[in-house]
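Beneath this line is the structure, given in structure tokens, with notes to follow.
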Amino acid sequence: MRILKRLWGHLAVLSSARRNRTDLARLLVRRPQWATAIGVTEGALLSMGKVDPQLKVLATAKAAMMVECEFCLDIGSAMARHEGVSEEKLRALSAYADSPVLTDVEKLVIGWSAALSTSPVVVPAEMRAELEKHFSLAQLTELAAEITWENQRARFNQAMGVRPAGFSDGAFCMVPQQKSGPS
């Protein structure tokens, strides 16, 4: 039942686009093999249900912030709202480590997403050990797939100029993660 709810949520959010509706579709129609691969991957991600969808949304939202994909931030904010993630939690993603509104497990997952969204990827052994205390190998695989696929989406969208589609117009929308400049 959770899978159907997630699928319905994705369809509801996608249908709420207010502008730039065809940016992604116009690219994918030119390469049906890529469109098929994306469809299979998205379907696989939607069918996995061992991890709380709110945790997955927080993780992918943090990845979108780190990679600075405006389309992903727009749709990610809408998806988070649809999954029941509060605006306070979305606002806390920028400074998650000190946030009183996020649980310790949410902070851990968001931190892992941040680590997986940097180049080069560096996941401290302590973080991996802590993740293994809270999640099975199947759950970690599911979370890693969600986070790394969000990185792929974001980088593809940016490379191809996919613009925000207005999924979060009139509501809170996440902003790119502020990066510190060179020291």
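Among the residues of the stretch 38-54, none qualifies, meaning not one is touching a Pro at 6+ places or on another chain (Cβ under 9 Å), touching a residue at least 60 places away in the same chain (Cβ under 8 Å) and within 19 Å of residue 12 (Cα to Cα).
For the stretch 1-51, the candidate set comprises residues that are of a type in the set (Ser, Thr, Tyr) and exposed (fewer than 14 other Cβ atoms within 10 Å of the Cβ); within that set, the residue that is nearest to the chain's Cα centre (by Cα) is 47. When 121, 85 are checked against the criterion of being without any contact (Cβ under 8 Å) to a residue 12 or more places away in the chain and either under 18 Å from the mean Cα position of the chain (by Cα) or more than 19 Å from residue 64 (Cα to Cα) (or both), a single residue qualifies: 121.
Restricting to the stretch 99-140, and then to whatever is among the hydrophobic types (A, V, I, L, M, F, W, C) and assigned to a loop (DSSP other than H, G, I, E, B), can you tell me which residue is farthest from residue 152 (Cα to Cα)? Reasoning before the result, please.
In the first step, residues of the stretch 99-140 are kept if they are among the hydrophobic types (A, V, I, L, M, F, W, C); the result is 101-102, 105, 108-110, 112, 114-116, 121-123, 125, 127, 129, 131, 135, 137-138, 140.
After this cut, where a residue has to be assigned to a loop (DSSP other than H, G, I, E, B) as well, the list is 101-102, 121-123, 135.
Details: 101: 29, 102: 26, 121: 14, 122: 17, 123: 18, 135: 24 Å.
Among them, the one singled out is 101.
To keep it simple, each residue is scored yes or no on (1) under 21 Å from residue 84 (Cα atoms); (2) modelled with pLDDT under 95; (3) surrounded by 15 or more Cβ atoms within 10 Å (Cβ to Cβ); (4) out of contact with any helix residue (DSSP H, G or I) (no Cβ under 8 Å at 6 or more places or on another chain).
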{"site": "144", "(1), (2), (3), (4)": "no, no, yes, no"}
{"site": "152", "(1), (2), (3), (4)": "no, no, no, yes"}
{"site": "156", "(1), (2), (3), (4)": "no, yes, yes, yes"}
{"site": "161", "(1), (2), (3), (4)": "no, yes, no, no"}
{"site": "164", "(1), (2), (3), (4)": "no, yes, yes, no"}
{"site": "168", "(1), (2), (3), (4)": "yes, yes, yes, no"}
{"site": "174", "(1), (2), (3), (4)": "yes, yes, yes, no"}
{"site": "178", "(1), (2), (3), (4)": "no, yes, no, yes"}
{"site": "182", "(1), (2), (3), (4)": "no, yes, no, yes"}
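Residues considered: 133, 107. Of these, the only one that is out of contact with any strand residue (DSSP E or B) (no Cβ under 6 Å at 6 or more places or on another chain), surrounded by 16 or more Cβ atoms within 10 Å (Cβ to Cβ) and among the charged types (D, E, K, R) is 107.
Take the conditions without any contact (Cβ under 8 Å) to a residue 60 or more places away in the chain and of a type outside the set (S, T, N, Q) and apply them to residue 150. Does it pass? So that I can check it myself, show each step before the final result.
Working: without any contact (Cβ under 8 Å) to a residue 60 or more places away in the chain: no; of a type outside the set (S, T, N, Q): yes.
In short, no.
Any residue in the stretch 72-79 that is acidic (Asp, Glu) and buried (at least 21 other Cβ atoms within 10 Å of the Cβ)? Looking for residues that are acidic (Asp, Glu) and buried (at least 21 other Cβ atoms within 10 Å of the Cβ), one finds at least one in the stretch 72-79, hence yes.
Scanning the stretch 1-42 for residues that are modelled with pLDDT under 90 and touching a helix residue (DSSP H, G or I) at 6+ places or on another chain (Cβ under 6 Å) yields 3, 6, 7, 9, 13, 27, 28.
The values are calculated or read from the model by the stated rules, or taken from the named source; none is laboratory data. In this text, all values refer to a predicted model and were calculated from it rather than measured experimentally. Heads up, the Cβs are rebuilt from the backbone with ideal geometry, glycines too, and the neighbour counts pull from every protein chain shown.
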